[in-house]
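Asks: Would you mind keeping the following structure in view while I ask a few things?
The values are calculated or read from the model by the stated rules, or taken from the named source; none is laboratory data. Everything numeric in this text was worked out from a predicted model, so none of it was measured. All Cβ positions, glycine included, derive from the backbone under ideal geometry; neighbour counts span all protein chains shown.
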Amino acid sequence: MKAQRIVSIVVLVGLIISAAVWYGINNHLLPEAAGLEAEAYDRLFNTMVGIAFGVFLLIEGLLVFAILVFQRRPGDEEDGPGIGENLRLEILWTAIPIVTVLWLSIYSTLVYNRMVGKEPLTIAHHHAHPHTTYVAMTEGEEGVTEVDVTAMQFAWIFTYPGTEVTSGELHVPLGKKVRLNMQAMDVIHAFWVPELRLKQDAIPGMTTHLEFTPTRLGTFNIVCTELCGAYHGGMRAEMVVDTPADYQKWLAEQAVAQKQGKAIAIKPGEEFFASIPHHVPAHIHHVINEELVR
Amino acid sequence: MTTAVTSYSASRPEWLKYFSFCIDHKVIGIQYIVTSFLFYLIGGALAGLVRAELTTPEPDLLDPSLYNGMFTLHGTIMIFLWIVPAVTGGFGNYLVPLMIGARDMAFPRLNALAFWMTIPAGLLLIASFFVGPASTGWTAYPPLSILTDQKAGQVLWILSIIMIGTSSILAAVNFITTILKMRRPGMGLFHMPLFCWAMLATSVLALLATPVLAGALILLLFDICFGTVFFNPAGGGDPVVYQHLFWFYSHPAVYVMILPVFGIISEILPVHARKPIFGYKAIAYSSMMICCLGLLVWAHHMFTSATPDWLRIFFTVGTLLVAVPTGIKVFSWIATLWRGKIHFRSSMLFALGFVSLFVMGGLAGVMLGSAPIDLHVHDTYFVVAHFHYVLFGGSVFGIYAGLYHWFPKMTGRMYNEFWGRVHFFLTYIGFNLCFFPMHILGLQGMPRRVAQYDPQFTSLNVICSIGALILALSTIPFLVNMIYSWTRGERASGNPWRALTLEWTTLSPPPTENWHGEPPLVTEPYAYGISSHS
Ligand code: HEM
Ligand SMILES: [Cu+2]
Ligand SMILES: [Cu+2]
């Protein structure tokens, strides 16, 4: 009798663990990854989803079992057994979660350090008005593509330091590390590309940074995730991952086009540009005005 | 049974006391519950409009800025005028003195004052909607809240929250004093029902954290009205500091909303499973642990706000540790059910539903607590799913469980069990349909607080809206049942559930000052299956 019970518990726990592992690997809850950081993210995510699914099955299973088995029979007015504690059990369900969350904390820290790069996300505080301290970094780290990002109600604007290029579309080269230097003109916005699993607020009055290495060619949505006003939901742009050669070509074309004074396309929300804040940097204002004139 | 009527002035009709500055804690408790439920209906109607807008990806039903005003008012009402007042002011006031054998709260006048502050505060909040609604979410982050076009609405919103916050500080002082000083002689702290432990932890949190929110909002008010630049970067202010102050309050606030509900669940499960609560001391200590940890994890709401790396690690570890005391509670509840004799009354159904849904919310919470995971899902529908599982699946299910459980005590009448069950199943199904798909939406890329979204998310959003419709319908059987039973229900005895905590030793409803004569001494509130009682 007792042995039988132990066997069935072992079998059940085995089943739960297998289901957890299976779901951890096969959950398909995330869009396909498109960056190195996203790959590290997905391993952590799948681990946590697996564990969460296992715990979920365990607890809901116990609950459903209790509901089905421990129903009061009609007419039975007796109480259940007066058991109110079991020290061994209580130590067990305190200790196992402690070990699990500490391990998850360490694992999370390791993944976190990889996702944000060795370099800490430094914050440059500016003490004057944002537009007077708008610094374009012309020379970056070796092999790093730097892009300056300006967020405003309700658009993203990308400028490429060292070139004349200003665009409403983010182009980045495949396989190269990209560093975004982000500024916000009016209120807080947040830059998110779901396929990169990365998000960073753009905060007025300071520059924030985001680094990633794209690993998949294609066009991806850039989504603003911090409530920034009436048309927050419309504040989207596109990120195009090009081969390095295509990327250079695109930069060159854009530079020529802009020298000839052609307007560039700033994607969504054109209709809201009428309310462009006056503190937008001059070169960007210029671009937007052209867009409006068109 | 007619002698059970209270000794309230016989010359006036009985019901009038609910509309007066009455200092009886039971009247105040019911005033809180009914008022907050009325606000819940308003908040729910707003949610219905929000979900209606979201059935299509285009922002076509409501003007986008009106949409922002609606979810702002929705969230603010649900938190500050429904859940917080219902669980602390409502259940706390009604139950704490009865459970510890006291005649009333320590400061009855202060108590009535705290309640009567919530009404003007609520009206002010609703008025703010009509002068140009605050449209910056319940978080009101600057600089958006400073640069907003709806300055008047934003200012009224701030004043209203400060008023509610003051009310909640007064209530916290009252609860702490009452629990520490007013227990019936002979009742030690570890003889108290667990709901009282939960209220103690809740009140400590509310007392320590709410003043910080008030401070932040006052500075924000200055930035809006008087051109100061505490949080305004245009003059060198720092908007991130506001976020720290805001979450220093608002993370503990989530425990203010759930700890009393943990207490309610710890009361209900033993009664209807006919077993002692499992691990009384562990549950009591875990409330205090949650109280301490809860004060130290606020920046997990700010993992993308340019928070320094070492801080993000600190807040990751702290947040994940919250899972430990929470887990202790959940496992203890299940052990309480084990080998019990479960009566599936409406209150028990909601309590069991609570456990099943809260687990889901807690697991999502642990994932969110990990800084790298949060980078992807922060400010998406995944977070919306998480907090509705803990706040609706958690707090609201717990409130319903408590309302059914103590309905006979509060009103002296029995409710209709059949309609209670219908209410439960509709709510359970509607809830999961409405909120489960939101996890997937967030992971796939849908941000929160948008009236307009990528068309790839349409079908899941339609499912959510259908769930919301079922949820709206589910309140009808509840309301009809409550109103009908309160006026015409079968009379309830003093202790219809054969429960052992002190409130069941008096009449239903209890007389003024709670007991005719001395309250009995109960030092084992959960001794089911142990002593000869019944
Ligand atoms: C195991 C326990 C829990 C953990 C580890 C946890 C963790 C978190 C984290 C990390 C966030 C921030 C997510 C983000 O914005 O990116 C969050 C959000 C939230 N949580 Fe929890 N949580 C837990 C339980 C609860 C409970 C019990 C409640 C309330 C009853 C709650 C209510 C909320 C709310 C309202 C938000 C969203 C706030 C907002 O941005 O508007 N959580 N939770
Ligand atoms: Cu934005
Ligand atoms: Cu929190």
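Asks: Restricting the search to the stretch A:28-86, which residues are of a type in the set (D, E) and either closer than 30 Å to A:F220 by Cα or touching a residue at least 24 places away in the same chain (Cβ under 8 Å) (or both)?
Replies: Selection gives A:E32, A:E37, A:E39, A:D42.
Asks: All but one of (1) within 14 Å of chain A (Cβ to nearest Cβ); (2) away from ligand 1 (no atom under 16 Å from the Cβ); (3) out of contact with any strand residue (DSSP E or B) (no Cβ under 9 Å at 6 or more places or on another chain) hold for B:Q243; which doesn't?
Replies: In the conditions (1) within 14 Å of chain A (Cβ to nearest Cβ); (2) away from ligand 1 (no atom under 16 Å from the Cβ); (3) out of contact with any strand residue (DSSP E or B) (no Cβ under 9 Å at 6 or more places or on another chain), B:Q243 misses (2) alone.
Asks: Output the helices (runs of 4 or more DSSP H) that fall wholly within the stretch B:363-436 and possess 1 or more residues being touching a residue at least 12 places away in the same chain (Cβ under 8 Å) and over 30 Å from A:M115 (Cα atoms), or say none.
Replies: Qualifying helices (runs of 4 or more DSSP H): B:397-411.
Asks: While we're on this one: Can you report the number of residues in the stretch A:209-261 which are within 16 Å of ligand 1 (Cβ to nearest atom) and free of Cβ contacts under 8 Å to residues at least 40 places away in the same chain?
Replies: Number satisfying all stated conditions: 4.
Asks: Find the residue count for the stretch B:319-359, including only residues that are in a helix (DSSP H, G or I), closer than 27 Å to B:S474 by Cβ and at the interface with chain A (Cβ under 7 Å from one of its Cβ atoms).
Replies: Here the count works out to 7.
Asks: Here's something else I'd like to know. Do you know which residues across the stretch B:283-301 are of a type outside the set (V, I, T) and within 10 Å of ligand 3 (Cβ to nearest atom)?
Replies: Once the filter is applied, which keeps residues that are of a type outside the set (V, I, T) and within 10 Å of ligand 3 (Cβ to nearest atom), the stretch B:283-301 yields B:G294, B:W298, B:A299, B:H300, B:H301.
Asks: Of the residues B:L66, B:L46, only one is within 14 Å of chain A (Cβ to nearest Cβ) and closer than 18 Å to B:T136 by Cα; which?
Replies: Answer to the selection: B:L66.
Asks: Related question: Run B:D60 past the list (1) within 14 Å of another protein chain (Cβ to nearest Cβ); (2) surrounded by 15 or more Cβ atoms within 10 Å (Cβ to Cβ) and report the number of the one that doesn't hold.
Replies: (2)
Asks: Look at B:A306 and say whether it is farther than 20 Å from B:T380 by Cβ and at the interface with chain A (Cβ under 10 Å from one of its Cβ atoms).
Replies: It is false that B:A306 is farther than 20 Å from B:T380 by Cβ and at the interface with chain A (Cβ under 10 Å from one of its Cβ atoms).
Asks: Then there's this: Would you please name the residue that is farthest from ligand 2 (Cβ to nearest atom), looking only at residues in the stretch B:286-301 that are part of a helix (DSSP H, G or I) and within 14 Å of chain A (Cβ to nearest Cβ)?
Replies: My answer is B:S286.
Asks: Confirm whether B:S459 is touching a helix residue (DSSP H, G or I) at 6+ places or on another chain (Cβ under 7 Å), under 15 Å from B:R51 (Cα atoms) and among the small types (G, A, S).
Replies: Spelling it out, it is not the case that B:S459 is touching a helix residue (DSSP H, G or I) at 6+ places or on another chain (Cβ under 7 Å), under 15 Å from B:R51 (Cα atoms) and among the small types (G, A, S).
Asks: Sticking with this structure for a sec: Scan the stretch B:516-532 and tell me whether some residue there is within 14 Å of chain A (Cβ to nearest Cβ), loosely packed, with under 15 Cβ neighbours inside 10 Å and among the small types (G, A, S).
Replies: Looking through the stretch B:516-532, at least one residue is within 14 Å of chain A (Cβ to nearest Cβ), loosely packed, with under 15 Cβ neighbours inside 10 Å and among the small types (G, A, S).
Asks: Let me ask you something else. Of the residues in the stretch A:67-82, how many are out of contact with any Gly (no Cβ under 8 Å at 6 or more places or on another chain) and either buried (at least 17 other Cβ atoms within 10 Å of the Cβ) or within 26 Å of B:A371 (Cβ to Cβ) (or both)?
Replies: 1
Asks: B:A335: out of contact with any Cys (no Cβ under 6 Å at 6 or more places or on another chain), more than 7 Å from ligand 1 (Cβ to nearest atom) and within 26 Å of B:G75 (Cα to Cα), yes or no?
Replies: Against the criterion (out of contact with any Cys (no Cβ under 6 Å at 6 or more places or on another chain), more than 7 Å from ligand 1 (Cβ to nearest atom) and within 26 Å of B:G75 (Cα to Cα)), B:A335 does not qualify.
Listed here are the residues, each with its yes/no results for (1) away from chain A (no Cβ under 14 Å); (2) assigned to a helix (DSSP H, G or I).
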position: B:H439; (1), (2): no, yes
position: B:V450; (1), (2): no, no
position: B:F457; (1), (2): no, yes
position: B:I463; (1), (2): yes, yes
position: B:I466; (1), (2): yes, yes
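Asks: Now a separate question. Restricting attention to the stretch B:302-318, and to residues there that are aromatic (F, W, Y) and assigned to a helix (DSSP H, G or I), which single residue is nearest to ligand 2 (Cβ to nearest atom)?
Replies: My answer is B:F315.
Asks: On the given criteria, is B:G215 surrounded by fewer than 24 Cβ atoms within 10 Å (Cβ to Cβ), modelled with pLDDT under 95 and away from ligand 3 (no atom under 16 Å from the Cβ)?
Replies: For B:G215, the condition - surrounded by fewer than 24 Cβ atoms within 10 Å (Cβ to Cβ), modelled with pLDDT under 95 and away from ligand 3 (no atom under 16 Å from the Cβ) - is not met.
Asks: Having 2 or more residues that are modelled with pLDDT of 70 or more and of a type in the set (D, E, K, R) is the bar; report the strands (runs of 3 or more DSSP E) wholly within the stretch A:91-185 that clear it.
Replies: A:144-152, A:177-184
Asks: Right, another one. (1) among the hydrophobic types (A, V, I, L, M, F, W, C); (2) part of a helix (DSSP H, G or I); (3) surrounded by 14 or more Cβ atoms within 10 Å (Cβ to Cβ): which one isn't true of A:V7, the others all being true?
Replies: Of the numbered conditions (1) among the hydrophobic types (A, V, I, L, M, F, W, C); (2) part of a helix (DSSP H, G or I); (3) surrounded by 14 or more Cβ atoms within 10 Å (Cβ to Cβ), the odd one out for A:V7 is (3).
Asks: For the stretch A:97-119, what are the residues that are exposed (fewer than 14 other Cβ atoms within 10 Å of the Cβ), closer than 14 Å to B:L320 by Cβ and among the aliphatic types (A, V, I, L, M)?
Replies: Residues satisfying the conditions are A:V99, A:I106.
Asks: Is it true that A:A190 is within 9 Å of another protein chain (Cβ to nearest Cβ), touching a Lys or Arg at 6+ places or on another chain (Cβ under 9 Å) and at pLDDT 95 or above?
Replies: yes
Asks: Here are the criteria: (1) within 7 Å of chain B (Cβ to nearest Cβ); (2) among the hydrophobic types (A, V, I, L, M, F, W, C); (3) in contact with a Gly (Cβ under 8 Å, 6 or more places away or on another chain). Tell me which single one A:A19 does not satisfy.
Replies: Of everything listed in (1) within 7 Å of chain B (Cβ to nearest Cβ); (2) among the hydrophobic types (A, V, I, L, M, F, W, C); (3) in contact with a Gly (Cβ under 8 Å, 6 or more places away or on another chain), A:A19 misses just condition (1).
Asks: Looking at the stretch B:330-366, which of its residues are β-branched (V, I, T) and within 27 Å of B:F407 (Cα to Cα)?
Replies: Hits for the stretch B:330-366 are B:V330, B:I334, B:T336, B:I342, B:V355, B:V359.
Asks: Another one. Counting only residues that are within 14 Å of ligand 3 (Cβ to nearest atom) and either of a type in the set (S, T, N, Q) or more than 9 Å from chain A (Cβ to nearest Cβ) (or both), how many does the stretch B:363-381 have?
Replies: Result for the stretch B:363-381: 3.
Asks: Could you grab me the full set of residues in the stretch B:202-239 that are more than 10 Å from B:P142 (Cβ to Cβ), within 13 Å of chain A (Cβ to nearest Cβ) and not in a loop (DSSP other than H, G, I, E, B)?
Replies: B:A234, B:G235
Asks: Additional query: Only one residue in B:Y285, B:Y242, B:Y255, B:Y280 is aromatic (F, W, Y) and closer than 30 Å to A:A184 by Cα, so which one is that?
Replies: B:Y242
Asks: Please determine whether any residue of the stretch B:263-280 is modelled with pLDDT under 95 and assigned to a helix (DSSP H, G or I).
Replies: For the stretch B:263-280, residues modelled with pLDDT under 95 and assigned to a helix (DSSP H, G or I): absent.
Asks: Can you name the residue in the stretch B:17-49 that is hydroxyl-bearing (S, T, Y) and assigned to a helix (DSSP H, G or I) and, of all such residues, is surrounded by the fewest Cβ atoms within 10 Å (Cβ to Cβ)?
Replies: Once the filter is applied, the top-ranked residue is B:Y18.
Asks: Here is a follow-up. Six or more apart or on different chains, Cβ under 6 Å: which pairs go from a residue in the stretch A:94-119 that's more than 7 Å from every other protein chain (Cβ to nearest Cβ) to one that's of a type in the set (D, E)? Could you list them?
Replies: Correct list of pairs: A:G117/A:E211.
Asks: With the checklist (1) crowded, with 20+ Cβ neighbours inside 10 Å; (2) within 29 Å of B:H272 (Cα to Cα) in hand, flag the one item B:N416 doesn't pass.
Replies: (1)
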